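Everything below concerns the one structure shown next.
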Amino acid sequence: MARYILIDNHSGYIFGDTADYANGANLDPCDAARALDQSIGEHGREYDFFRHDPSDSRTGYHIYRADMDGSEAVPVVHDGQDQDTIDAVTQNCRYEGFVSAQSAPQ
């Protein structure tokens, strides 16, 4: 199963680590983004996963895989604004893609 770390596209900060979620290892990238949003009170979004960096300003999360070959590339994230932690994630974890999180049409 996968452990994902989510970096917010706008701020560049780590907003979530699925190691913090119950059943986090069973989530796919869109479910990880949904679980993160629900934990911060954000509801009613639709999620799409792209296997590349869209290189634009849309709302969403860059997804990094923190478990590879049976080991953890970085410890569980506790301070998502710490630049050394962010750098460790972007350098040592595998970039999986981007999850856009858009408000659902009313």
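Miscellaneous remarks
- Only one of the numbered conditions (1) over 14 Å from the mean Cα position of the chain (by Cα); (2) more than 18 Å from Arg3 (Cβ to Cβ) is not met by Gln91, and that is (2).
- Of all the numbered requirements in (1) out of contact with any Pro (no Cβ under 6 Å at 6 or more places or on another chain); (2) in contact (Cβ under 8 Å) with a residue 12 or more places away in the chain, Gln38 misses one, and that requirement is (2).
- Taking the range 50-64 as the range and being surrounded by fewer than 18 Cβ atoms within 10 Å (Cβ to Cβ) and on the phi < 0 side of the Ramachandran plot as the test, the residues that pass are Phe50, Arg51, His52, Asp53, Pro54, Asp56, Ser57, Arg58, Thr59.
- Looking only at the range 65-74, and only at residues there that are without any contact (Cβ under 8 Å) to a residue 60 or more places away in the chain and exposed (fewer than 14 other Cβ atoms within 10 Å of the Cβ), the one that is nearest to Gly97 (Cα to Cα): Met68
- Restricting attention to the range 4-24, the residues that are over 18 Å from Gln81 (Cα atoms) and surrounded by 13 or more Cβ atoms within 10 Å (Cβ to Cβ) total 2.
Where a number appears in this text, it was derived from the coordinates with a stated rule and is not lab data. This structure is a prediction, so every number in the text was calculated from the model and none was measured. Glycine also receives a Cβ, built like all others from the backbone with ideal geometry; neighbour counts cover every protein chain displayed.
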